[in-house]
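What follows draws every value from the coordinates through simple rules; no lab data is involved. Fair warning: this is a prediction, and the values are worked out from it, not measured in the lab. Cβ atoms come from the backbone with ideal geometry, glycine included; neighbour counts cover every protein chain shown.
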Amino acid sequence: MFEKFSFIRTGKVGGQERLAGSLQRVPVHVAIIMDGNGRWAKRRGLPRIAGHREALKTVKKVTNEARRLGIKVLTLFAFSTENWKRPKTEVEFLMKLPEQFLNSYLAELIENNIQVRAMGDLSLIPAHTMKAVNYAIDRTKNNNGLILNFALNYGGRSEIVQAVKTVVRDVQSDKLRSDTIDEDVLSKYMMSRALPDPDLLIRTSGEIRLSNFMLWQLAYTELFFTDVYWPDFNEGNLQEAVREFASRQRRYGGIVEKGSEKR
Ligand code: V07
């Protein structure tokens, strides 16, 4: 369903004029850990929530740029299972962001043929938040452009635990034979089952860790870390990450046939 890479013709990449008709290898699935909102705000003497508010503008910018570049899936780490430990007021503010984002942007998402999805333990997300998210998922379910996948109350280890529990249940009810379990089978029990693994992971704000994000799916992913705070991240920064991805593919990969990657 998803080709390993898409090739698009680009005039300008990163403000740099390229030869007309030159080919740029674009990752199919880009995942982003959007870090540094608090630090961005602190640096300006603003409350943390001002950073989160600004962060929404970056989500819009990056979504549009991803679509323009021909990326097929954009997964954004919006709320981790650890984020509940933050002050109650901040958590409450964060849980209003999906509604804010969708109130101002859903019409444009629909217009741009973008499909909204969510993954994570959504049972713990407040009802008012899920109402807005589910409405957006439903309104965009037939769109076949960019998939905008939000990780909400998501944790990588917890996802693996949930997958194992479901596998055990299916084995016990004779839906699955234990001797057929392999990586492909287990992949189908992950929340990301309908999506290809990320080709490129971006983390902003200088931290060089995965922080429990998509542990299973990131096994072969190219990692790109930048010091830029998420509210300052822009179209050019995404282009830079995609350019770096393309150059690594050229240097180390050559043209790799799907399924024949070195393991
Ligand atoms: C959140 C803004 C981005 C930086 C990281 C944390 C704060 C967009 C959403 C969202 C989620 C679902 C949806 C539409 C939008 C969001 C949370 C936090 C909890 F359907 N940004 N964003 N959700 N931040």
Could you order peptides 27-39, 169-181 by the average number of other Cβ atoms within 10 Å of their residues, highest first? 27-39, 169-181
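I need the per residue convex hull volume for the stretch 21-89, using only the alpha carbons, in cubic angstrom as a whole number.
Each residue corresponds to 111 Å³ of Cα convex hull volume.
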Would you mind computing the Rg to Rh ratio of the chain from its alpha-carbon coordinates, Kirkwood style for Rh? 0.97
Between LEU124 and GLU90, 0.36 nm times their residue separation minus their Cα-Cα distance comes to what? 10.6 nm
Got the relative contact order for the chain handy, in percent, Cα pairs under 8 Å and 6 or more residues apart? 26
In terms of Cα to Cα distance under 19 Å, which aspartates and glutamates are near enough to LYS141, apart from those fewer than 8 places away along the same chain? GLU99, GLU108, GLU111
So for the stretch 143-248, using the alpha carbon gyration tensor with a ≥ b ≥ c as root eigenvalues (a/c under 1.5 gives rounded; past that, a/b versus b/c decides prolate or oblate), I'd call it prolate
